[in-house]
């Protein structure tokens, strides 16, 4: 008889004590370590953070969040590097965690397994996300996934746009990789 | 050893890192491949990458097609994952 695996739920996961020096996500009821980003990962995250904060300040009302935990469904709690939320997702005085996926989830890719990234892209888009950016510092490309079957790659020499979530937004993709 | 990539490269993902996979996709397509299929057995999804930066997702019983490389070819995506 095979071993039985008990799937962890989001409330159970978020009630657990946070281990020191480790960041965790819950994917498919299993707790996985996120690992730590090296310098290229952190520089790209910093660049994106700055670009989006400045743009969103001029183009409200969506807002940028950093390393925020989303309980996307019963057995998945994901923490994208950056995320954009539309207004009304967090009521005044709310506690607990944000339910569902952000409108835009941004994952800066470092040591993550491809299968896990694919699963996360699918989870975000199946639970309210409109768009996911997978940002590859080493390759200097961004892949934008949305709910359609078609995803698009943006290289160093072209402007990154995402009209479904950020209408009017356009930034040279190279700016995201500045300093890397 | 061949000096150029194949016209169609197919990668079945298991424990490979996402960044490594992305490098391979770009290398194939930058050096002559017309298409790269990436199959994810766990999610039962195939993504078909083209040389101009697009990628198309196929899943469930949708017919997997790739007219640039295999004109006329069509197979239910689920058939690829039969037995998984």
Of residues in the stretch B:1-15 being surrounded by 16 or more Cβ atoms within 10 Å (Cβ to Cβ) and touching a helix residue (DSSP H, G or I) at 6+ places or on another chain (Cβ under 8 Å), the one nearest to the other protein chains (Cβ to nearest Cβ): B:13
Some residue of the stretch A:105-118 being within 12 Å of chain B (Cβ to nearest Cβ), farther than 15 Å from residue B:55 by Cβ, assigned to a strand (DSSP E or B) and over 13 Å from the mean Cα position of the chain (by Cα): yes
Checking residue A:26 against (1) touching a strand residue (DSSP E or B) at 6+ places or on another chain (Cβ under 7 Å); (2) under 30 Å from residue A:168 (Cβ atoms); (3) more than 14 Å from chain B (Cβ to nearest Cβ), the condition it does not meet: (2)
Long-range neighbours under 6 Å by Cβ, at least six apart or interchain, first residue in a loop (DSSP other than H, G, I, E, B) within the stretch B:67-80, second surrounded by 11 or more Cβ atoms within 10 Å (Cβ to Cβ) and modelled with pLDDT of 95 or more: B:68/B:34; B:68/B:35; B:69/B:7; B:69/B:8; B:69/B:34; B:69/B:35; B:74/B:63; B:74/B:65
Within the stretch A:164-180, considering residues that are surrounded by 14 or more Cβ atoms within 10 Å (Cβ to Cβ) and free of Cβ contacts under 8 Å to residues at least 60 places away in the same chain, the one nearest to residue A:130 (Cα to Cα): A:164
Complete set of residues in the stretch B:62-72 that are surrounded by fewer than 14 Cβ atoms within 10 Å (Cβ to Cβ), modelled with pLDDT of 95 or more and at negative phi: B:63, B:67, B:71
Test: residue A:160 is in a strand (DSSP E or B) and either crowded, with 19+ Cβ neighbours inside 10 Å or touching a helix residue (DSSP H, G or I) at 6+ places or on another chain (Cβ under 6 Å) (or both): yes
Among the candidates A:96, A:88, A:129, residue that is touching a strand residue (DSSP E or B) at 6+ places or on another chain (Cβ under 6 Å) and either without any contact (Cβ under 8 Å) to a residue 24 or more places away in the chain or assigned to a loop (DSSP other than H, G, I, E, B) (or both): A:129
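The values are calculated or read from the model by the stated rules, or taken from the named source; none is laboratory data. Only a predicted model underlies this, so the values are computations on that prediction, with no experimental measurement involved. Here Cβ is always computed from backbone atoms with ideal geometry, including for glycine, and neighbour counts include all displayed protein chains.
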